[in-house]
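Below is one structure; the comments refer to it alone.
The values are calculated or read from the model by the stated rules, or taken from the named source; none is laboratory data. Note that the structure is predicted; figures quoted are calculated from it, not measured. Neighbour counts are summed over all protein chains in view; Cβ atoms, including those assigned to glycine, are modelled from backbone coordinates with ideal geometry.
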Amino acid sequence: MNTTDFRQYAHQLADWMADYMENIESYPVMSQLSPGETSTRLPPQAPLQAEPFQDLMRDFADIIMPGITHWQHPSFFAYFPANSSPPSILAEMLTATLAVQGMVWQTSPAATELEEVVIKWLVQMLGLPSDFTGLIQDSASSATLCSLLSARERASHLAVNNSGFTPKERYSCYCSEEAHSSVEKAVKISGIGKINLRRISVDKSMAMEPHVLKKVIASDRQLGYQPLWAVATLGTTGSTAIDPLVEIADICRTEGLWLHVDAALAGTALILPEMRWMAKGIEGIDSFVFNPHKWMFTNFDCSIYLVRDPASLVQTFEITPEYLKTAVDNRVNNYRDWGIQLGRRFRALKLWFVIRSYGIEGLQKIIRSHIALAARLAREIDNHPDFSLLAPVPLNTVCFRYQPMNVADENRIDSLNQTLLETLNKSGKIYITHTRLQGKYTLRLVVGQTQVEWRHVSAAWELIKKTAKEIFSVKT
């Protein structure tokens, strides 16, 4: 493909992207295909000869698009928001064109220094302690693993990195029962082992119980363990519960544990001064992660990992083969030493575009609206005799279930809600997901797509009520 053809096709794609954003509500939110329907339409072997671009776009429309679940649809209420925006998309196009490998400063000085500046902006925007610094990771899972590995090496004085585990490194780690699965994955990958991860019980609001944490740490010490690392969550995946950070930080400081805060979703809400109550006690933590690719209109992947002690991070990951040495190494940040990856995408560019395009006030306005929409829906559910809320709604996630007034059997209620979920998603009109809270099958509706309005939330609520009534009448 020469540049003349590229220019022509790029204009076509720009038109397609704009049309998609304008007409996205015409698509079913969740793909309606069954397993295997896409792959059976694809040839079993790659083509030997070049194919025309028009053929690629035809097959994209006919084969790929039916198998897409539309995360940017304003009636996408599943999992968590993974929202994008026009300025983020445009910046991603530039990123792909430049194809920067930002592994060391010299490979693209602007990539490193823009990342440094954007990190400082975010620390200020979220009201975090000014001594935090960090970098952009691909995901919160990677950031959480980096946190644990740094804690491990600080505690072992780099001995595990150098010599591997010995019997004296008998570490234990802590998180709530509602913590994200990435915590368990990090414990497994780090070599500590999931058997040494203690899941601390939660209260009625689904938040960690600090007094139980303190008790479990004391018990581990008596059994010969070395308590190493704890995770407090601001906005759990299941219900966006807020762990009590002040109490947890005090325990970790007293006991000498590294405290990591997972605010993957909720961290964006800290740009609102009225939401910073969630982060009270943040001055007592060691590391922090939040994902602009969840709720700050910056397309995946873009996860901010912040630390108070960057030396521990660098000492854990630094490695300098001869071919990576440069004359300016002692004067710059080489982000290859700040995480697992050597090769690094130029993620800061799209975040810079988004922050400048919306401004802090523009970002705040949208986040406030999402929180208000979720609160409004929660009130509607709470006032309905056949529905009940199953968790507080501090942010944008509403956890609820259908519970007809004359039905008390928990198994039947679970079955009704599972059928309700599957029926709603098959309709293509909305997409929601579920979890279990204190053993109860729970429907989750997350308000966070960039363009979502009350008309979308209201339509979803009306569909939920109507469908629930139809299912109940059939099953009775």
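Each row is one residue, and each column tells you yes or no for (1) surrounded by 15 or more Cβ atoms within 10 Å (Cβ to Cβ); (2) among the hydrophobic types (A, V, I, L, M, F, W, C); (3) in a helix (DSSP H, G or I).
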site	(1), (2), (3)
LEU351	yes, yes, yes
LEU377	yes, yes, yes
PRO392	yes, no, no
CYS399	yes, yes, no
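Please work out which residue is nearest to ALA155 (Cα to Cα), limiting yourself to the stretch 208-234 and to residues that are small (Gly, Ala, Ser) and modelled with pLDDT of 95 or more. Break it down stepwise before answering.
To start, the set of residues in the stretch 208-234 that are small (Gly, Ala, Ser) comprises 218-219, 224, 230, 232.
Add one more test, that the residue is modelled with pLDDT of 95 or more, and what stays is 218-219, 230, 232.
Details: ALA218: 18, SER219: 19, ALA230: 13, ALA232: 19 Å.
Selected residue: ALA230.
State yes or no: is LYS350 of a type in the set (Lys, Arg) and out of contact with any helix residue (DSSP H, G or I) (no Cβ under 8 Å at 6 or more places or on another chain)?
Numbers: of a type in the set (Lys, Arg): yes; out of contact with any helix residue (DSSP H, G or I) (no Cβ under 8 Å at 6 or more places or on another chain): no.
Criteria not met by LYS350.
Considering each residue of the stretch 277-299, count those that are within 19 Å of the chain's Cα centre (by Cα) and part of a helix (DSSP H, G or I), and give that number.
At the first step, the residues of the stretch 277-299 found to be within 19 Å of the chain's Cα centre (by Cα) are 278-279, 287-299.
Applying the additional criterion that residues be part of a helix (DSSP H, G or I) yields 278-279, 292-295.
Total satisfying the criteria: 6.
All but one of (1) at pLDDT 95 or above; (2) over 26 Å from the mean Cα position of the chain (by Cα); (3) not hydrophobic (A, V, I, L, M, F, W, C) hold for ASP409, so report the exception by its number.
(1)
If you go through the stretch 101-114, how many residues are touching a Phe, Trp or Tyr at 6+ places or on another chain (Cβ under 7 Å) and buried (at least 20 other Cβ atoms within 10 Å of the Cβ)?
Selection size over the stretch 101-114: 3.
Could you list all residues from the stretch 221-274 that are free of Cβ contacts under 8 Å to residues at least 60 places away in the same chain and assigned to a strand (DSSP E or B)? Spell out how you get there, then give the answer.
Keep residues of the stretch 221-274 that are free of Cβ contacts under 8 Å to residues at least 60 places away in the same chain, which gives 221-225, 227, 230, 232-234, 244-256, 259, 261, 263, 274.
Answer for the stretch 221-274, where residues must be free of Cβ contacts under 8 Å to residues at least 60 places away in the same chain and assigned to a strand (DSSP E or B): PRO227, ALA230, ALA232, THR233, LEU234, LEU259, VAL261.
Residue check: is ALA391 under 27 Å from ALA269 (Cβ atoms) and in contact with a Ser or Thr (Cβ under 7 Å, 6 or more places away or on another chain)? Explain how you work it out, then say what you get.
Values: under 27 Å from ALA269 (Cβ atoms): yes; in contact with a Ser or Thr (Cβ under 7 Å, 6 or more places away or on another chain): yes.
So ALA391 fits the description; yes.
Run MET17 past the list (1) of a type outside the set (Lys, Arg); (2) exposed (fewer than 14 other Cβ atoms within 10 Å of the Cβ); (3) at pLDDT 95 or above and report the number of the one that doesn't hold.
With respect to (1) of a type outside the set (Lys, Arg); (2) exposed (fewer than 14 other Cβ atoms within 10 Å of the Cβ); (3) at pLDDT 95 or above, MET17 is out only on (2).
Working only within the stretch 161-193, note down all residues that are β-branched (Val, Ile, Thr) and either exposed (fewer than 13 other Cβ atoms within 10 Å of the Cβ) or not assigned by TED's automatic domain parsing to the domain that holds CYS252 (or both).
The initial filter retains those residues of the stretch 161-193 that are β-branched (Val, Ile, Thr), namely 166, 183, 187, 189, 192.
Once the filter is applied, which keeps residues that are β-branched (Val, Ile, Thr) and either exposed (fewer than 13 other Cβ atoms within 10 Å of the Cβ) or not assigned by TED's automatic domain parsing to the domain that holds CYS252 (or both), the stretch 161-193 yields only THR166.
Note down all Cβ pairs under 7 Å where the first residue falls in the stretch 184-205 and is more than 22 Å from LEU437 (Cβ to Cβ), the second is part of a loop (DSSP other than H, G, I, E, B) and small (Gly, Ala, Ser), and they're at least six residues apart or on different chains.
If the second residue must be part of a loop (DSSP other than H, G, I, E, B) and small (Gly, Ala, Ser), the pairs left are VAL187/GLY193.
Would you check which residues across the stretch 315-343 are crowded, with 17+ Cβ neighbours inside 10 Å and either in a helix (DSSP H, G or I) or not assigned by TED's automatic domain parsing to the domain that holds ARG152 (or both) and list them? Step through it out loud before you land on a result.
Applying the first criterion (crowded, with 17+ Cβ neighbours inside 10 Å) to the stretch 315-343 yields 316-317, 333-339.
Hits for the stretch 315-343 are THR316, PHE317, TYR335, ARG336, ASP337, TRP338.
Can we say ILE366 is of a type in the set (Val, Ile, Thr) and more than 30 Å from ILE189 (Cα to Cα)?
Working: of a type in the set (Val, Ile, Thr): yes; more than 30 Å from ILE189 (Cα to Cα): yes.
Spelling it out, ILE366 is indeed of a type in the set (Val, Ile, Thr) and more than 30 Å from ILE189 (Cα to Cα).
Which of the residues that make up the stretch 80-99 are assigned to a loop (DSSP other than H, G, I, E, B) and crowded, with 17+ Cβ neighbours inside 10 Å?
We begin by selecting, within the stretch 80-99, every residue assigned to a loop (DSSP other than H, G, I, E, B); these are 80-85, 99.
Correct list: PHE80, PRO81, ALA82, ASN83, SER84, SER85.
Report the residue count in the stretch 276-299 for those that are touching a residue at least 60 places away in the same chain (Cβ under 8 Å), within 30 Å of PRO74 (Cβ to Cβ) and surrounded by fewer than 23 Cβ atoms within 10 Å (Cβ to Cβ).
Qualifying residue count, the stretch 276-299: 3.
Within the stretch 51-76, how many residues are out of contact with any Asp or Glu (no Cβ under 9 Å at 6 or more places or on another chain), assigned to a helix (DSSP H, G or I), touching a residue at least 40 places away in the same chain (Cβ under 8 Å) and among the aromatic types (Phe, Trp, Tyr)?
Residues meeting the conditions: 0.
Could you list, in sequence order, all residues of the stretch 401-416 that are surrounded by 15 or more Cβ atoms within 10 Å (Cβ to Cβ), assigned to a helix (DSSP H, G or I) and of a type outside the set (D, E, K, R)? Step through it out loud before you land on a result.
Here is the first cut: in the stretch 401-416, the ones surrounded by 15 or more Cβ atoms within 10 Å (Cβ to Cβ) are 401-404, 407, 413-414, 416.
When the remaining residues are screened for being assigned to a helix (DSSP H, G or I), the result is 413-414, 416.
If the condition is that a residue be surrounded by 15 or more Cβ atoms within 10 Å (Cβ to Cβ), assigned to a helix (DSSP H, G or I) and of a type outside the set (D, E, K, R), then ILE413, LEU416 are the ones that fit.
Having 2 or more residues that are within 24 Å of GLY224 (Cβ to Cβ) and not aliphatic (A, V, I, L, M) is the bar; report the strands (runs of 3 or more DSSP E) wholly within the stretch 116-207 that clear it.
Numbers: elements: 133-137, 171-176, 197-200.
In the stretch 116-207, 171-176, 197-200 are the strands (runs of 3 or more DSSP E) which contain 2 or more residues that are within 24 Å of GLY224 (Cβ to Cβ) and not aliphatic (A, V, I, L, M).
Being more than 26 Å from the chain's Cα centre (by Cα), of a type in the set (Lys, Arg) and closer than 21 Å to PRO385 by Cα: is that true of LYS440 here? I'd like the intermediate steps shown before the answer.
Numbers: more than 26 Å from the chain's Cα centre (by Cα): no; of a type in the set (Lys, Arg): yes; closer than 21 Å to PRO385 by Cα: yes.
No, not satisfied.
How many of the residues in the stretch 1-48 are closer than 25 Å to THR97 by Cα and among the polar types (S, T, N, Q)?
Within the stretch 1-48, residues that are closer than 25 Å to THR97 by Cα and among the polar types (S, T, N, Q) number 5.
Do we find a residue being loosely packed, with under 10 Cβ neighbours inside 10 Å and acidic (Asp, Glu) anywhere in the stretch 21-40?
We begin by selecting, within the stretch 21-40, every residue loosely packed, with under 10 Cβ neighbours inside 10 Å; these are 22-23, 26, 34-36, 40.
With the extra rule that they be acidic (Asp, Glu), the set shrinks to 22.
The answer is yes; a qualifying residue exists.
Would you confirm, using the coordinates I've provided, whether VAL123 is under 23 Å from ASP309 (Cα atoms) and touching a residue at least 24 places away in the same chain (Cβ under 8 Å)?
Details: under 23 Å from ASP309 (Cα atoms): yes; touching a residue at least 24 places away in the same chain (Cβ under 8 Å): yes.
Yes, satisfied.
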